[in-house]
Every structure is written in structure tokens, then in C-alpha cells.
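The values are calculated or read from the model by the stated rules, or taken from the named source; none is laboratory data. Just so you know, these numbers come straight off a predicted model, no measurement behind them. Here the Cβ positions follow ideal geometry from the backbone for every residue, glycine too, while neighbour counts run over all protein chains shown. Surface areas here come from the heavy atoms of the whole protein model, side chains and all, with no ligands, DNA or RNA. Shrake-Rupley method; radii C 1.70, N 1.55, O 1.52, S 1.80 Å.
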Amino acid sequence: MSILFHENTQTFHLTNGQISYLMKVLPDGSLGQLYFGRAIRDRESFDHLLEMHPRPMSACVFEGDKRFSLEHCLQEYPVYGTTDFRRPAVELVQPNGSRIASFVYQSHTVTPGKPGLAGLPATYCEEAGEGETLTVCLRDPLLKVSLLLSYTLFRDLPALARSARLVNEGGQDLHLTTAMSLSLDLPDSGYELIHFSGAWSRERHMKVRRLEQGIQSVESTRGHSSHSHNPFIMLRRPGTGEDSGEVMGFSLLYSGNFLARAEVDPWDTTRVTLGINPFGFDWKLAPGESFQTPEAVVVWSGQGMGDMSRAFHRLYRTRLARGQWRDRPRPILINNWEATYFDFTEDKLVAIARAAREDGVELFVLDDGWFGARCSDSAGLGDWTPNPDRLPGGVTRLAERIEALGMQFGLWFEPEMVNRDSQLFRAHPDWVLQTPGRRASLGRNQLVLDFSRTEVVDNIYEQMSKILSQAKVSYVKWDMNRSMTEVYSAALPPDRQGEVMHRYILGVYDLYDRLTRRFPHILFESCASGGGRFDPGMLYYAPQCWTSDDSDGVERQKIQYGTSFCYPLSSIGAHVSAVPNHQVNRLTPLSTRANVAAFGTFGYELDLNRLTPEERAQVREQIAFMKEYRQVIQFGDFYRLLSPFEGNFTAWMVVSPDRRTALVGWYKVLNEVNGPYRRVRLRGLDPSLRYTVDGGSEHFGDELMEVGLLTTDSAAGERQPDEPPARDFDSHIFVLKA
């Protein structure tokens, strides 16, 4: 692993044997991009990659030199208006109204390991030898602003982490209206753009489009990363699949408003930018103040999307997630929400827990409705004290009764919200986001607390800490059930109102950080009406996330498949829920619901007392299966085999690190009539090892990968006497052991 600087040619070469990243100081002192891709040999000069030719209608940096225009150079962190007319990575509004800036190279440092980002989530190195960090200092001498660009190259991964920091060293107020985390100029546009979009209950559906001249982007302006779009995109060469071809993944470690954009100019140069959404963003940078952007991670692969995904999985699972739960298999839980909603008593909850414990469940989670005057979703939020009518002994006694059964106890919170019908709102009506003189819109009958204010975060921290200190709580589900409207903070002056949404997210991170430090034994799971804030920023504090409120076994195949392109299975909250399904009213077999949920953290959202004895027996088998294989599922290598976005069948698999155990999930939506023979080519096995399939037939790994695993069922012809009938929503998990 090396971060090299060639003084004579002012060229940086970052390489770890897997990737190379080349930059160069340009003739005007700005920083230019030369190459990003598969590792190449180092040399003193790569100047031949800096192509400059005169073009009509170009503005040129230097008088008399028609060759050098920033419009036609690949740049690292571009500004607008100094001969480049593309969208910039940074924009500063000055007291005289100008938005022009010019950052020139000053110096650089290389340090072992990776420094953290104050107040922000970031990947990390546990040992200095795991990575190196390059910090390049550029400066605008007129504005007296320093720009510090950070690049961390990881030793064992084709990944680069990037961020930027701006420091106002002058004597005048500036307003930062654009500050992207990553900007990457590519020399051509021969890519397909892939993003993951949707809405509540159909999050992260895979969308593919070819890059064309112009701007294509996805974004959030909702105050959170959102169900609508995820802060992750890919650029892949046409023809790239799971196992071959060139692809780049761009991921933002941030939970608020974001922008992911690809701009193709008329000469087919592509500029990718990723960071805080400039829309509505205005950060006052007073003298002596600095601003740190969130971190972005880019992964390059020449071996297809699967290889790229596994790099993200490994990085985010082991060097983004933190704490005691990072490397531990997750407990099998049962959540009472879809079993009871708001209609429960302490005894009713204990009865649900008792049945679950009999079947092997390890953790009982009490969801919404335990606090304040919370009998519906119109009251109680903000008052984090137990409701004595429902829990006469408080959370403490309920937790003790659950633990007496031999289970752990978990609790639901929605700390960022408040109902008007609450003691907190009546005492502090100015603690919500609300524009003076305008109507405050409601979502789920609630308002958003102003987490840009320290006193608000302090109040919620004290309330939550009291509960978590008094009761034996092992798990917290942190929910967030509405987007921001009428965004305005009563605590900030007019010239800082453009900071509210970012300051809000910093407040969320601060509360998470304080709670996870004080209660390191608690497993936190983030949630935002399901997948409304499923992003890497959350994984830094909560190693798993509720993936979607839609728990239907068919819909979840698309949701979990799309999620897997960036996020590890250990982060994917997946449960077995009741039928008819509460989101789509579909009837799917209990086996299929479990076979989909198995490829995640696994749990149940139902009352096991309402199942038949035969179904309870299935549940016990499912739980025993998960306890045996969850280590492989949650920490193995994941491979996508058949896409639910392309047909009637879905298949994926997980392989243990030693490649001696593999689990293959196979799913069918609608049954076939006299269908064809079918087989699925597997991945990730050791070609020389002989594997048993479901304890029966034996096959070498190379056969299973090159010929395939037979998945033909009775829909292919007349059913044999010992063969189960094929039906809609069938599924099977094949167990392979060397």
C-alpha cells in the first residue's frame, strides 16, 4: 500500500495493488484528476494523461494560452466560474456578492491509519497499518480560506474514503452554499447509472439508465435520506454483471438531505458528485470557523457488481459499525407491534413472550404505546415515562418478568418527534421545527423536535437515559416516522436558518453517540417508518436497521435484494410477520416468510399463540436453523444469483469465510404450468471441495458453479408420489456442507 508524491511532476499516486488513484497539480495550482481504476505501475510522470487542446467558445485561465481551460480538464474539487461551467463541488458567497473562488495547492501530509470526523460518522482503522490517509491543503489567497481534502486508502479493499473541510482564516463572514464530499471527473460517459429508489414499503428498487449528455441525479430534500432514494449509486460499464465487468459504487455516510449527481458534458466527460444537497443549504462560515463535510466512499471493481458489494459489506460491517454488537450474531427477536398495535396489557405482553420463549426466541421487543398518554398515534410522543394504566409496574417490572422467562428485553423509542398532546410540547412549544406565522403541517399526527438545539437533545437524552438505567433493556428500536416541513429554528438567527437541517442531523448523531457510549451493551436498531433512513450514517451508531415496514415475503425479496448492493446482511432487519400480510394483504407460506427473513437479522412480528400446533413446530425448526447458521448468514460472503427485478425467480447465497458451508435461498413468486427444467449456477465455493446438498447428493464446487444446482420442482411435469406439490410463493434454503 502506498501514497506516493512525485515532486518533479506534482503528481499523487494512491495505490494498494487493487486500485490506483492519480491526481496532479494543474498549471493554475488547482488539483486535477488523471485516473481511477485498476492498479497500474507507478512512474514519475503521468502528464500524458492531462490532455489539453484549444476548443471554440472556451474561456482560458491564462492569457495567450488557448490550451488550458478548466472546462476541459478533469478536476478533483472544482469551482464554478473560473473557466469551468459545470456544476461545482464548492461554492462560497462573499460579502460583496461574488461566488467565485480559486483553491491552489499549498502542501500535503500522509499519515498512517485514519483520523475520525468530529461529530460525524466515518469508517475507521483499528490498526495504523490498515490504511493511509492523504490530506491535501489548498487555499484561496483572496478569501483566506483553506480547503483540506482527505483521502483514505484501505490496505485490503478496493475502496477510497473521501471528505473535505473548509476553514475561514480571514476576517469576513462567508456563506457556504455547496460543499460536496466527493467529486470525481471521468474521461468518458460509457456507463449505466444505477440507483435504488422507491417509497414507503417498496424501498430500494433497482433502477438502471444509460448516462447521456446532461444531468441525471437522485436526491433527498425531506430532512432524512428517505424512502424515495438511497445515498448510494453505481456506474457500470454496459454488459457488467454480478461476476465480471467494471463498476464503481459511490456511497455517502450521511442521514440527511443528499445529492448524488452524474453530469455529462458535450464532450462526454462525466462528473460524479456526492454530498449534502445544496438545495436549501446555507452554512455561515464566520472568521475562525470551519465546516466538515460528511464522508463518502467509492469502491471500484473489475469483477462485477458482486465483488463491489462484498467490498462495501466488509468495510461497513467491520470498519463502520462499532461496539460490542459489531461482530456478534444478532439475537432472534419477537416484536409485539403487528400482534397488538396499541391494544396491550402487561400480562398480554408476557403471554406473547412466554410462547416465543417456548419456541426459542431470545429477545422480546415492546414497540409503540408504552409511554405517556399514548393510546393512539395522536398523543404521548415526547413524554418518555411509562404509562401506568398499561404498565402498572413500569418498564422495570415488565423487563424483569421478561428476563425471568430467560429472554432479553427491548424497547421502542421515537425520540425525535413530539405530539401536541404531550407534557413536553405544552412546556416547550418552541422546541419544534415551525416557521413563524405559518401553519405547522403534521405527519402521523406529530411534529419534529428541533434537534439543532442542544437543550432539546439534552432533554431527550435525560429521559431516555433514565429509562435505560432503571430497566434491564438489551435492545433499542429507534424510530422516526415523518419528514421535515416548515423547517425553521427559533434558536437561530436569520442568516443561519440554512443550517437547520444539517444541524438537526448532527443533533441526531450526538444523541446516538451519547447513548451508545453510556449503554454499550445495548443493541441499537435504527428505523424510519421502515427504510426511510437506511444509510451508512446510521450504521455507525446502530449496526442494524429495520429495512422496510413491508414484511411480505414476496415484496421483501426486491427490497432486500436492492439493499444488498451496498449494505451487509448483518445490517438488514428482516422479520416473519402474520398473514394476511398487514401491508399488501397477501397470504404467503410461513416457510417462505422465514426463508426470506433468514437472510438478515431475523425475528417475528406476530403472536405465536395464534398459530396452529403445526405452525409452531415450523417456527421452532426455523429458529433452530437460524441459531445454527446465523453466524454464516450475517458474517459470510453474499452472492446474488437471480434478480427479482428480472423475472419470476429470485436466488442468492451466503458462503462462510472458509468456504466449507453455504446457504442458497431460492424463491418463486407465481407457480408455473408444465415449466422447464431449472438450475442455478452458484458462486463463491471452493471448486476442489465436495459439497453435500441438504445432507444428500454430493457435488464438487466447480460443478455447482459451472453446471449449476438443480432447482426444478413439480411444476415441471406430473408430480411424483414423494414430491410436494408446487405452488405460488414457494421457496427453499439449500444447505451445502463440504
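With Cα atoms defining each centre, segment 400-453 and segment 154-186 are spaced 34 Å apart in the structure.
Per residue, the average separation of C-alpha pairs within less than 8 Å and at least 6 apart gives the chain a relative contact order of 10 percent.
Under the criterion of Cα pairs below 8 Å and six or more residues apart, the relative contact order for segment 1-126 equals 16 percent.
The GluC sites (Glu not before Pro) of segment 618-649 that meet both conditions, a loop assignment by DSSP and at most 13 other Cβ atoms within 10 Å of the site Cβ, are GLU646. Once the chain from ASP347 to ASP430 is taken as fully extended at 0.36 nm per residue, the excess over their C-alpha distance is 26.0 nm.
Here r is the Cβ-Cβ distance between LEU442 and SER290 and R0 is 22 Å; the resulting FRET efficiency, rounded to 0.05, is 0.05. The amide H of LEU34, built 1.01 Å from its N in the peptide plane, has LEU22, MET23, LYS24 as neighbours under 5 Å, considering only residues 5 or more places off or on other chains. Taking the DSSP beta bridges with both ends in the chain, the antiparallel portion is around 80 percent. Sparsely packed loop sites in segment 612-715 (the trypsin sites (Lys or Arg not before Pro) outside DSSP H, G, I, E and B with at most 15 other Cβ atoms within 10 Å) comprise ARG660, ARG681. Taking a threshold of 30 Å on the Cα-Cα distance, which of the pairs LYS348/LYS477; LYS114/LYS284; LYS472/LYS558 fall above it? Those over the limit are LYS472/LYS558. Other residues lying with their Cβ under 10 Å from the Cβ of ASN168 contribute a combined charge of -1, Lys and Arg counting +1, Asp and Glu -1. Per the Debye calculation on segment 89-228 with a single equal scatterer at every Cα and no solvent contribution, log₁₀ I(q)/I(0) for q = 0.20 Å⁻¹ amounts to -1.25.
Solvent-accessible surface of protein heavy atoms, probed at 1.4 angstrom with all chains present, puts PHE645, PHE258 in the order PHE645, PHE258, largest first. Packing-based ranking of 227-239, 551-563, 129-141 yields 551-563, 227-239, 129-141, ordered from highest to lowest mean Cβ neighbour count within 10 Å. Here the label points at THR712 and SER688, each 7 Å from Cα along the C-beta direction, are separated by 3.3 nm in the simple model.
Charged neighbours of GLY684, selected by a Cβ distance under 14 Å, balance to -1 (K, R count +1; D, E count -1). Among the GluC sites (Glu not before Pro) within segment 43-79, those in coil by DSSP and having at most 13 neighbouring Cβ atoms inside 10 Å are GLU44, GLU51, GLU63.
Counting every pair of alpha carbons in the chain, the share spaced more than 37 Å apart comes to 43 percent. For the chain, a simple Cβ point-charge model (Lys and Arg +1, Asp and Glu -1, everything else neutral) yields a dipole of about 340 debye relative to the Cα centre. Proximity of backbone amide H atoms, modeled 1.01 Å from N, is registered between LEU381 and ASN419 at under 5 Å, excluding neighbours fewer than 5 places apart on the same chain.
Amide hydrogen proximity for LEU285: with H placed 1.01 Å from N in the peptide plane, the residues at 5 or more positions away or on another chain lying under 5 Å are LEU174, HIS175, LEU176. Contact order for segment 106-170, expressed relative to its length and based on alpha carbon pairs under 8 Å spaced 6+ residues apart, stands at 27 percent.
Count charges around HIS53 for me, please; just the other residues with Cβ under 15 Å from its Cβ, Lys/Arg as +1, Asp/Glu as -1. For residues surrounding HIS53, the net value is -3. Each helix, a run of at least 4 DSSP H residues, gives -39500 (n - 2.57); summed and divided by the residues of the chain, these come to -5500 deg cm²/dmol at 222 nm.
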